[in-house]
1. Compute the normalised compactness of chain B: alpha-carbon radius of gyration over 2.2 N^0.38 Å, N being the residue count.
2. With the Cα gyration tensor of the protein assembly as shown giving a ≥ b ≥ c as the square roots of its eigenvalues, does the rule (a/c under 1.5 for rounded; else a/b larger than b/c for prolate; else oblate) give rounded, prolate or oblate?
3. Three principal axis extents, largest first, for the C-alpha atoms of segment B:58-188, in Å?
4. If the reach is capped at under 15 angstrom between alpha carbons, list the aspartates and glutamates near residue B:170, excluding any in the same chain fewer than eight residues apart.
5. Counting other beta carbons within 10 Å of each Cβ, put B:229, B:90 in order, fewest first.
6. Do any of A:152/A:176; A:152/B:152; A:261/B:7; A:176/B:258; A:69/A:109 go past 30 Å between their Cα atoms, and which?
7. Hey, if you put +1 on the Cβ of every Lys and Arg and -1 on every Asp and Glu Cβ in the protein assembly as shown, which of B:50, A:88, B:119 ends up farthest toward the positive end of that dipole?
8. Applying a 10 Å radius around every beta-carbon, put B:142-151, A:114-123 in order of their mean neighbour count, most first.
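Quick note: the coordinates plus some simple rules give every number you see, no bench work behind them. Computed from a prediction, not measured in an experiment: that's the story for all the values here. Cβ sites come from the backbone with ideal geometry, for glycine too, and all protein chains shown count toward neighbours.
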Amino acid sequence: MNIPKQPLNQRIFKYSLTSLIVISAIWSASGLEITLDRILNAPAQIATLVGAMFPLDLSSEAFDRIIPKVFESLFIAWAGTVIGAIFSFPISFLAANNITIGSVNRVIKQILNGIRAFPELILAFVFLPITGLGPLTGTLAVGIHSIGTLGKLSSEVIEGIDEGPLESIKASGGSKINELTFGVIPQVMPTITSYWLYRFEINLRASAVLGVVGAGGVGQELINQLRFRDFPRAGTVLICTIVLVLTADTISAAIRNRIIKGKTVKS
Amino acid sequence: MINYPKKPSPSLLVLIGIPAGILFSIFSFLQIGFNFQDFKNNLSNRYLVTDPLFDPKWAWAWENSSDALVETIQIAILASIIGCAVALPLSFYASRATNLNKYSYFVYKSFLNLVRTIPDLFWAMIFTVAVGIGPFAGVLALLMFSLAIMGKLLSETIDSIDPGPMEAAKATGASHNQSVFTSALPQVLPNFTAYFLYIFELCIRASVILGLVGAGGVGRIIETQRIFLRFDRISPIIVLILVVVILIEQFSVWLRRKIL
């Protein structure tokens, strides 16, 4: 049978990519001194740790400590998302190339890229000496990082709109402001709202972690319990975090689904 | 008189959702305990941070952090490769299109969801306790991180593949596994490569902070200097990281364009 072969340059590209991946994996493994011995021991070690977490510490004293911290993470994530949404919304119009005049959008986009480049944790420990230990620092860190990411996503949504409605508003004598409020915002709002909720899901994970540097939230509790070798309580912290994240994810995904679906039914 | 069409009344979701969202936002801000007086007091010692932050010690950073930076990249490379390789078969089991057994589909899907709920740094904390402090724990943590993301992205891609080729393979007498291997896999391989590059970028970013809990990489250097508030040593390291991250992202964007 005559099976056609892939063209030569494609095959060369494929093989060189594969060898690049293999070589970089070997280089990394040898550089990190990961021996076969350690890999083989790891599953048993992990199983021992997980085994030490059970039975979980279900005393009311443990819950009195953990539950407020879990909710603190939730509040940090939500407040951070609100900050991100409020500030990124106007900025995203300036960053969209079909709304702004001149090269304003390029400057704003670079600023957003710059903000996005710093992970929340790094922002958090830079703010820490200024805003103090506590959830405020975490909120600021999450909020500022969200401005960067939401600004980028929202501006891309605005750039992808249908220009027709804008033209018809202009043709019927509408001002630039009318174009925005009646032409752009109704088109982009469902997608942007679902991005806000999506960002909230990501921020929830980020805010859970922020406690590691003392910026509030459940991370502080986990690292303390692990340091004191109180594994049953660490297990409880983990389970509480998982329950919170799963619940928030499910609710947020359901709302996002409803927003996007509602759009397709109406149109 | 023009006959305007009536505006549809807002749905229940909007009527309840928006006030509830606003109330919850106000409640959250109250819970965070924003106190303007404290904020003003604290703002007066901002020079503690800002002065050293803009007085970077380049020579020190270059001398002390370049090894750790290489370690960070190695952690990200190894973790993203292994994580994605493990996720490839798993996602076929976690998709309704390729897994006909309802129960095992549910088990794999829930497993991936469960892995995804635990944040990357939590994995790092768990693994540093389990296998000891060092880059190996970091690799394991990012492995779980990339496994979770790839599992979600790829299984959803498999859900939406064109069923035609699989049916055609079955019509020629292929078993279910053969039809998955010859018809479903080639359909998603380009997506898999694109997701892999995307996850590699995420891993590079995530690996920077692993060191804060002792899981290796450049975060280790940042953590030790952070405790002593040596922001003059931290800021050049952050700039170095940014440069490396941007270079790697550019490379990955170039490669993705070449593949797709």
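1. On the way: Rg = 24.7 Å, N = 260, 2.2 N^0.38 = 18.2 Å.
Here the answer is 1.36, to two decimals.
2. On the way: a/c = 1.36, a/b = 1.03, b/c = 1.33.
Because its axes are fairly even, with a/c under 1.5, the protein assembly as shown counts as rounded.
3. Cα extents, longest axis first: 66, 28, 20 Å.
4. List returned: B:162.
5. Details: B:229 15, B:90 19.
Ranked by crowding around the Cβ, least crowded first: B:229, B:90.
6. On the way: A:152/A:176 23 Å; A:152/B:152 23 Å; A:261/B:7 19 Å; A:176/B:258 40 Å; A:69/A:109 36 Å.
In this structure, A:176/B:258; A:69/A:109 exceed 30 Å between Cα atoms.
7. Going by the charge dipole, the pick is A:88.
8. Working: B:142-151: 25.4, A:114-123: 19.8.
My ranking of the peptides, most packed first, is B:142-151, A:114-123.
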